[in-house]
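Colleague: Can you keep this structure in mind? I'll have questions shortly.
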Amino acid sequence: MSTLLQAFVLLLVVWTLAYRRARMGSILTGVAVTLFAMTWFGGFAWLLWLTLVPVVYFYLEDNVRRDKLSRPVFTFFKRVLPPMSDTEQEALEAGDTWWEADLFKGAPDWKKWLALPMPVLSAAEESFLANQTETFCRMIDDWDIVHIDKDLQPAAWQYLKDEKFFGMIIPEEYGGLGFSALAHSTIVTKIATRSPSAAVTAMVPNSLGPAELLMKYGTEEQRQHYYLPRLASGQDIPCFALTGPEAGSDAGAMTDTGIVCMGEFEGRQCLGLSVSWNKRYITLAPVATVLGLAFKMSDPNHLLSDVEDRGITVALIPTSHPGVQIGHRHFPMGMTFMNGPTRGENVFIPLEWIIGGVERAGQGWRMLVECLSEGRAISLPALGTATGKLSYRLTGAYARIRTQFNLAIGNFEGVEEALARIAGLTYQLEAARIVTAGAVDKHIKPAVVSAIAKYHMTEKARLVIQDAMDIHGGRGLIMGRMNYLAHAYMSMPIGITVEGANILTRNLMIFGQGAVRCHPFITREMLAAKNPDEAAGLRDFDSLIFRHIGYGIGNFVRTLTLGASAGRIASKPVADATGPYYQQLTRMSSALALISDISMVLFGGELKRKERLSARLGDVLSQLYLASTVLRYYEGNGRQALDLPYVRWNVELALYHCQTAFNEFFANLPGKTLAWALKRIVFPWGDAYQRPSDRLDHALVQTMWTDNELRDRLTRHIWLGTEPSDPGFIIEDAFKRILATKPARDGIKLAQRKGLLSRELDLTATAGMAVDLGICSSTEALAWQQAEEARNRAIQVDEHETLHFTRA
């Protein structure tokens with residue numbers, strides 16, 4: 001056997017082992033066994049043996065490898081490692097990784113993903129949705145809330161308290177409902193389809209705030225004897241104050257302080273904090289009875305310890321406490337959920353008001369990041385999904401009801417294109433909502449996934465409501481009780497900007513956290529580099545860096561192989577029509593792992609300042625996650641035939657977006673040669689993916705136009721109303737009447753086209769002549785007439801004699 005052939009065989013062995021992500025020891029063993037076999041059968045390949053020997057030597061001799069190879073790399077790594085603030089460090093360490101880590105590493109285990117149980121509501125949670133939540137939706141009117149009362153009516157507030165809406169997440173032993181994250185999400189979603197302002201009111205006490213912080217970090221005395229039972233029953237209304245004029249997305253920039261000192265509390269001298277703060281945009285602040293407050297704690301006189309700067313700390317303060325100021329209300333985008341500022345100057349509080357006691361002093365930022373990661377996974381995704389559900393059901397119905405040029409407007413291809421986006425994105429929103437809430441119910445604190453959910457689900461909702469408004473035209477513009485879209489449209493920027501502005505979330509958080517948190521080695525390498533014990537740090541780094549190199553080689557081999565084979569050699573967990581999608585997502589996952597590693601080597605600490613480049617890699621990770629949730633939702637619902645076009649639409653669009661993000665990344669790299677080489681590795685045959693076809697768009701829209709299981713499932717738990725005056729009921733009633741009278745309608749239209757029936761006749765005369773001509777029976781004619789009357793009512797808009805509104 002020639003040396004060239006032996007080298008080829010050896011390369012094939014190494015390539016196969018690298019593709020399978022074998023460890024270095026396994027690769028060397030495989031190479032040695034192969035060389036022995038080739039030597040035995042084909043002669044001694046001395047050049048190949050000489051290549052193997054030094055590699056094995058450095059692999060086995062730890063001290064030599066550490067000194068000659070690892071130390072220079074260690075020195076370089078420490079030099080390029082970006083400076084990291086305490087808040088950045090705590091944010092990176094807080095929370096958990098989950099499925100996004102599998103996607104980031106380039107070899108997702110799809111069988112593991114599909115084996116996860118599909119989250120479901122309990123019988124008690126279903127009952128609460130069907131009864132208490134339905135009752136609450138019936139007793140409120142969003143027009144009254146926003147334009148007349150500028151608040152929920154007292155009876156609605158009392159109902160929320162009495163039925164423990166504010167205690168959804170509080171365990172039953174503390175008087176709460178003890179509901180799951182999925183139930184919390186679904187309840188908020190339903191209320192939001194009735195009133196965004198009411199949904200925020202019910203949502204916030206169960207999101208980032210005192211209840212969640214107490215449950216996770218509070219002392220038992222704080223939980224039981226102070227607040228949780230009172231929060232659960234609504235005796236106390238909470239708010240949480242984090243954002244201030246100087247600290248929005250950068251919470252570490254807060255200027256609010258708490259200084260350890262002696263002071264008087266309840267007539268006695270005690271050790272406590274003199275707290276000064278200036279916060280704004282605080283939801284529920286105007287009506288809150290208990291204030292969760294974040295501030296920077298310091299101990300300049302060393303009354304607690306030698307540590308002066310204790311860091312961000314969180315305390316609970318009754319708003320009735322002397323010195324606490326609640327300002328006048330903010331008015332966010334015309335929505336009237338309670339929101340406003342709070343201030344205080346040198347307010348003395350006892351140390352036991354720190355959540356978790358003095359032992360938790362300085363741990364506030366970590367506590368907040370972990371709780372925020374859960375809140376982001378539930379609250380804003382629920383609001384975004386509510387927008388999708390409402391738009392899907394009522395815009396699809398409206399496009400069937402509304403006619404122009406004697407055709408239902410949904411028949412026009414431009415309208416169909418917008419309807420398809422509403423349909424496809426609503427399916428994605430519902431899938432991501434359920435799967436992400438399920439992660440929280442598994443006690444995972446999904447820091448990266450929650451950032452993906454917050455950013456993309458609010459942005460997708462923005463696209464959906466824009467399309468819905470375009471399709472409705474003037475019907476969506478005219479304010480009044482009949483308008484079921486306007487408040488969702490008006491409130492959309494709120495979700496885009498709160499809990500971290502979406503620009504920040506996309507450009508800094510998703511990849512910024514994901515690259516470090518999800519990478520199998522980077523976090524541990526960073527900790528090794530920061531180890532004050534140089535020798536110990538080098539030992540740890542040495543144990544990681546060569547595995548990291550092997551990981552990188554494996555990603556290169558996998559990406560090039562998957563690209564060259566168009567992904568077809570990747571394994572797939574199912575044999576149905578969705579099988580190839582798993583292969584393509586694996587291909588993009590491998591490419592992400594490779595390009596991320598190269599980027600971190602190429603830019604080092606500068607990568608976090610290359611926001612547009614890193615955001616594009618974050619987009620790839622996000623699309624992989626969202627496509628995963630769609631596939632999981634499809635499998636969890638039994639692979640229904642009606643779902644398949646929705647799955648195809650979403651995954652094909654996700655792959656196209658991955659390709660676009662990679663191409664834009666390559667196009668903006670500083671080195672054109674490197675960019676060209678990377679693109680050839682990822683896409684060796686050129687671009688591989690296209691947007692969903694017009695034919696697929698058409699298939700999605702047809703499902704919106706009929707009464708079927710998928711339409712009901714996607715819009716389950718929305719509020720349509722049951723009264724003839726409810727705007728959702730008006731549209732749905734007309735839609736169903738139009739569907740039920742299709743034969744008579746088609747016959748009448750045909751007769752009109754032939755000139756047998758005049759289009760100028762009124763409905764009663766038309767119905768009568770249709771019976772006389774034998775087009776339909778009198779019963780069918782009456783049903784047609786009633787459907788036309790319902791359709792006419794559904795397309796009307798409100799008229800106002802005056803713009804000073806009063807309750808009807």
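Colleague: Within region 325-335, does at least one residue satisfy the condition of being touching a Phe, Trp or Tyr at 6+ places or on another chain (Cβ under 8 Å) and either in a loop (DSSP other than H, G, I, E, B) or modelled with pLDDT of 95 or more (or both)?
Modeller: Yes, some residue in region 325-335 is touching a Phe, Trp or Tyr at 6+ places or on another chain (Cβ under 8 Å) and either in a loop (DSSP other than H, G, I, E, B) or modelled with pLDDT of 95 or more (or both).
Colleague: Could you tell me which of the residues 645, 573 is in contact (Cβ under 8 Å) with a residue 40 or more places away in the chain, in a loop (DSSP other than H, G, I, E, B) and touching a helix residue (DSSP H, G or I) at 6+ places or on another chain (Cβ under 6 Å)?
Modeller: Every option except 573 fails the conditions.
Colleague: When you scan region 698-726, how many residues do you find that are open to solvent by 20 Å² or more (accessible area, probe 1.4 Å), part of a helix (DSSP H, G or I) and within 23 Å of residue 408 (Cβ to Cβ)?
Modeller: Qualifying residue count, region 698-726: 5.
Colleague: Specify which of the listed residues (755, 728) is among the small types (Gly, Ala, Ser) and either closer than 23 Å to residue 652 by Cβ or in contact with a Gly (Cβ under 6 Å, 6 or more places away or on another chain) (or both).
Modeller: 728
Colleague: How many residues are loosely packed, with under 14 Cβ neighbours inside 10 Å and over 14 Å from residue 590 (Cβ atoms) if we restrict to region 548-575?
Modeller: Result for region 548-575: 1.
Colleague: On the given criteria, is residue 152 touching a helix residue (DSSP H, G or I) at 6+ places or on another chain (Cβ under 8 Å) and over 21 Å from residue 807 (Cβ atoms)?
Modeller: no
Colleague: Restricting region 97-152 to residues that are small (Gly, Ala, Ser) and open to solvent by less than 40 Å² (accessible area, probe 1.4 Å), which is nearest to residue 182 (Cα to Cα)?
Modeller: Here the residue is 101.
Colleague: Just give me the residues in region 576-623 being open to solvent by 40 Å² or more (accessible area, probe 1.4 Å) and part of a helix (DSSP H, G or I), in sequence order.
Modeller: Answer for region 576-623, where residues must be open to solvent by 40 Å² or more (accessible area, probe 1.4 Å) and part of a helix (DSSP H, G or I): 580, 598, 601, 602, 606, 608, 609, 611, 612.
Colleague: Right, here's the next one. Being on the phi < 0 side of the Ramachandran plot and without any contact (Cβ under 8 Å) to a residue 12 or more places away in the chain is the filter; apply it to region 684-697 and report the residue that is most open to solvent (accessible area, probe 1.4 Å).
Modeller: Looking at residues that are on the phi < 0 side of the Ramachandran plot and without any contact (Cβ under 8 Å) to a residue 12 or more places away in the chain, I get 695.
Colleague: Is there a residue in region 183-201 that is assigned to a helix (DSSP H, G or I) and either among the acidic types (Asp, Glu) or open to solvent by 30 Å² or more (accessible area, probe 1.4 Å) (or both)?
Modeller: Within region 183-201, one or more residues are assigned to a helix (DSSP H, G or I) and either among the acidic types (Asp, Glu) or open to solvent by 30 Å² or more (accessible area, probe 1.4 Å) (or both).
Colleague: Among (1) touching a Lys or Arg at 6+ places or on another chain (Cβ under 8 Å); (2) part of a helix (DSSP H, G or I); (3) open to solvent by less than 50 Å² (accessible area, probe 1.4 Å), which single condition is residue 500 missing?
Modeller: (2)
Colleague: Could you list all residues from region 386-417 that are more than 25 Å from residue 184 (Cβ to Cβ), part of a helix (DSSP H, G or I) and open to solvent by 10 Å² or more (accessible area, probe 1.4 Å)?
Modeller: Listed by number, the residues that qualify are 400, 409, 411, 413, 414, 415, 416, 417.
Colleague: Shifting gears a bit: Please state which one of 292, 248, 234, 311 is open to solvent by 10 Å² or more (accessible area, probe 1.4 Å), within 22 Å of residue 217 (Cα to Cα) and touching a residue at least 60 places away in the same chain (Cβ under 8 Å).
Modeller: 311
Colleague: Considering only residues that are at pLDDT 95 or above and open to solvent by 20 Å² or more (accessible area, probe 1.4 Å), which ones fall in region 435-454?
Modeller: Within region 435-454, none qualify.
Colleague: Need the failing condition index for residue 512 against (1) open to solvent by 30 Å² or more (accessible area, probe 1.4 Å); (2) part of a loop (DSSP other than H, G, I, E, B), just the number.
Modeller: Here residue 512 clears every test but (2).
Colleague: Considering only residues of region 350-364 that are crowded, with 24+ Cβ neighbours inside 10 Å and of a type in the set (A, V, I, L, M, F, W, C), which is farthest from residue 96 (Cα to Cα)?
Modeller: 354
Colleague: Moving on to the next point. Identify the residue in region 129-178 that is within 28 Å of the chain's Cα centre (by Cα) and aromatic (Phe, Trp, Tyr) and, among all such residues, is farthest from residue 723 (Cα to Cα).
Modeller: 166
The values are calculated or read from the model by the stated rules, or taken from the named source; none is laboratory data. Predicted, not measured: the structure shown is a model, and the values here were computed from it. When we count neighbours, we look across all protein chains shown, and the Cβ atoms used for this are built from the backbone with ideal geometry, even at glycine. Surface accessibility is based on the protein's heavy atoms, side chains included, excluding ligands, DNA and RNA. Shrake-Rupley method; radii C 1.70, N 1.55, O 1.52, S 1.80 Å.
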